Amino acid sequence: MAKVFQQPIHVTRPLLPDFEKVTDRLKTVWESKQLTNFGAQHDELSTKLQRYLESDHMSIFSNGTLALLLGLRALELTGEVITTPFTFPATVQALDWNNLTPVFCDIDPTTFNIDADKIESLITDKTTAILAVHVFGNPCDVEKIQAIADKHHLKVIYDGAHAFGSKLNGLPISGFGDMTMFSFHATKLFNTIEGGALIYRDPALDKRLGLLRNFGILNTEEVVLSGLNAKLNELQAGVGLEVLKVVEDERLKRHAVKKAYEEHLAAIEGIRVLTTLEGESSSYQYFVIRIDETLFGQSRDYVHKELQKYNVFARKYFYPLCSDFEWYNELPSAHPENLPNAQRAVQQVLAMPYYGALPIQSVVEICTIIRELYVKQKSLSQL
Ligand code: T4K
């Protein structure tokens, strides 16, 4: 019999490194009196991340949203950008803030990523790029997307907010497309409390992005473009350096949590676990299920609410669909009938509590709650 958890179980908990080590770092920052504007912690983190992510060109930022916003700006895009409605608001808001028009493309019903087969029909003479999202850390169909982009001379940008460390056929996920953004928010596997990065192909972007994240200041005498303040400060970079040391251990713990969920949810009709990459290829960012109301007997929203009664706070990532934001009402591509798979996913997907410190016993109990909801519904329907 499932029982109510004494403490709330959240969808995630930040990966916290050893507190003493963090305070040592902070002491170093204090003594240096360099608190922000590209100090030693920033540069050390940049170098170590570049190695970890196997990238030649990378810039780090104060958060993932500003990284993406400035990345799009650096690419000097205009007109329309084909993107997915099934994402966090930041993806499309980065387009809005660049005066770019999103053109929503439906998603693949299995991966929840943009459906590459539906992109080409949305291309017009105004299209300049494809902004795809590696949803929940699972890679998009990068080859098909690149082939379309090459054929139509489009840029490809990946929102890889969830994909830190994801690999595809042994290659780092950021090796695909013109640019990839990673988020280092507290809720992400690797975090700097708030933070983000861009990895890109064109070496000329090193300088341009450096200017864009620092008010366009070239030197004390010259301001050469209109930028923003998107610098990662020294305290956050210092925290990131300590988090980076424990990321691999966290991956192993999350692997065990994932296995426990898979084992205990396997036999429940109507619950499908989103297939994720295995082992070192996976970002281990989210553990996501899809609830088929017809088979399970109850809707995702019902399960979401029932779990809360047990003090379990799963999340409806992503809800609502970005195409349903009221300021996109007039866009033909935002009409629900053009996005049937996304409309279905947004009603069925649930991100379950998932972090390394989540005890396996808690996972078993969460699965028991879901199983009991199923059994209760089945017996009611047989009355
Ligand atoms: N693109 C995509 C595809 C994204 O998913 C995101 C962010 C972005 C772009 C933008 O990247 P950033 O600009 O954020 O770097 C959270 C995160 O704030 C957001 O970063 C993330 N995606 C999104 C999927 O999740 P909320 O609104 O769900 O956060 P919140 O505050 O409800 O936190 C979720 C749970 O995490 C809480 O119930 C408890 C736990 N938590 C949270 C925080 C902040 C903690 O235990 N400690 C904490 O400090 O957006």
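Computed values, structure above
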{"read-out": "Dipole magnitude of segment 241-383, debye to nearest 20 (Cβ charges: Lys/Arg +1, Asp/Glu -1, about Cα centre)", "value": "400"}
{"read-out": "Spin-label pair His335/Thr23, simplified geometry with 7 Å Cα→Cβ offset, distance in nm", "value": "6.2"}
{"read-out": "Listed pairs Lys167/Lys245; Lys27/Lys207; Lys259/Lys378 exceeding 28 Å between Cα atoms", "value": "Lys27/Lys207"}
{"read-out": "In segment 71-166, GluC sites (Glu not before Pro) in a DSSP loop with at most 10 other beta-carbon atoms within 10 Å", "value": "Glu76"}
{"read-out": "Loop-located GluC sites (Glu not before Pro) in segment 265-347 whose Cβ has at most 13 other Cβ within 10 Å (DSSP)", "value": "Glu269, Glu278, Glu330"}
{"read-out": "Length released on extending from Lys245 to Thr110, taking residue separation times 0.36 nm less the Cα-Cα span", "value": "45.2 nm"}
{"read-out": "Ranked by how many other beta carbons lie within 10 Å on average, peptides 246-259, 26-39, 99-112, 358-371 from highest", "value": "99-112, 358-371, 246-259, 26-39"}
{"read-out": "Rg/Rh ratio calculated on Cα atoms of segment 19-241 (Kirkwood radius)", "value": "0.99"}
{"read-out": "Solvent-accessible area, 1.4 Å probe, carbon plus sulfur percent, for the chain", "value": "54"}
{"read-out": "Low-density loop positions, GluC sites (Glu not before Pro), segment 146-229 - DSSP coil, at most 11 other Cβ in 10 Å", "value": "Glu221"}
{"read-out": "Potential lengthening between Asn169 and Ala256 on full extension [0.36 nm per residue; Cα-Cα distance subtracted]", "value": "29.1 nm"}
{"read-out": "Charge dipole (the chain, unit charges on Cβ, about Cα centre) - positive-most of Leu131, Met181, Gln382", "value": "Gln382"}
{"read-out": "Amide N proximity, segment 296-335 versus Thr124 label position 7 Å along Cα-to-Cβ, cut-off under 12 Å", "value": "331-334"}
{"read-out": "Cα-centre dipole for the chain with unit charges at Cβ (Lys and Arg positive, Asp and Glu negative), debye to 20", "value": "1040"}
{"read-out": "Helix-derived mean residue ellipticity, 222 nm - over the chain, DSSP H n ≥ 4, -39500 (n - 2.57), to 500", "value": "-12000 deg cm²/dmol"}
{"read-out": "Dipole of segment 247-381 [Lys/Arg +1, Asp/Glu -1 at C-beta], most positive-end residue of Met352, Phe325, Asn311", "value": "Asn311"}
{"read-out": "Span per principal axis, largest first, for the Cα atoms of the chain (Å)", "value": "80, 56, 37"}
{"read-out": "Scaled radius of gyration (Cα, divided by 2.2 N^0.38 Å) that segment 247-381 gives", "value": "1.16"}
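The values are calculated or read from the model by the stated rules, or taken from the named source; none is laboratory data. Since this is a predicted model, take the numbers as computed values, not measurements. For neighbour counting, all protein chains shown are included, and Cβ atoms are generated from backbone atoms with ideal geometry for every residue, glycine included. The area values use the complete protein model at the heavy-atom level, side chains included, leaving out ligands, DNA and RNA. Shrake-Rupley method; radii C 1.70, N 1.55, O 1.52, S 1.80 Å.
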